[in-house]
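A.B. asks: I'd like to ask you about the structure that follows.
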Amino acid sequence: MTFIALTITAGGAAVVVGGVAVGVFTLLVVNCFNHLVRCNTLVNEAFSGIDVQLKRRHELIPNLVECVKGYATFERSLLEVVVAARSATDTVADVADLNSKENRLTAGLGAAMTTAVAAAATSPSLSSETSGSGFSGGSGW
């Protein structure tokens with residue numbers, strides 16, 4: 001059996017140690033560069049997500065305005081009925097007059113509320129389950 005002896009001189013050891021040091025340094029630089037690229041990608045994805053959310057909100061604004069207009073029209077008509085019924089009871093001459101006006105007020109408000117409930121039940125534009133549902137689900141408002 002023959003053994004091949006490998007001898008490294010002092011100059012050869014320095015070359016090996018230097019090569020290992022350069023290799024380790026190169027790996028560290030590559031690792032740092034990959035980490036920076038990964039962080040840059042995450043930041044770009046985060047800004048892209050923000051842009052998507054802002055565009056979705058921007059597209060919802062006209063729907064929100066229409067929803068509010070529908071509710072405002074409904075509220076205005078109901079308020080006009082209530083104010084008219086209350087103003088009818090402003091001038092009271094005696095107790096009998098007060099009772100008759102109060103009965104008309106109660107009947108008028110009952111009819112107004114019945115009309116309001118019926119309008120809200122039949123009108124799809126006043127249904128809060130459908131018109132306002134797109135504004136609360138996952139939009140982050």
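The values are calculated or read from the model by the stated rules, or taken from the named source; none is laboratory data. All figures in this text were calculated on a predicted structure; none of them were measured in a lab. Because the Cβ atoms are built from the backbone with ideal geometry, glycine has one as well, and the counts that use them run over all protein chains shown.
Yes/no matrix, rows are residues, columns are (1) surrounded by 11 or more Cβ atoms within 10 Å (Cβ to Cβ); (2) modelled with pLDDT of 75 or more; (3) in contact with a Cys (Cβ under 9 Å, 6 or more places away or on another chain):
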| residue | (1), (2), (3) |
| --- | --- |
| L64 | yes, yes, no |
| A72 | no, yes, no |
| E75 | yes, yes, no |
| R86 | yes, no, no |
| A93 | no, no, no |
| D97 | yes, no, no |
| M113 | yes, no, no |
| T122 | no, no, no |
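A.B. asks: Give me the pairs: first residue in segment 67-80 and closer than 16 Å to T114 by Cα, second residue charged (D, E, K, R) and in a helix (DSSP H, G or I), beta-carbon distance under 7 Å, and six or more apart or on different chains, which are they?
C.D. replies: Nothing qualifies.
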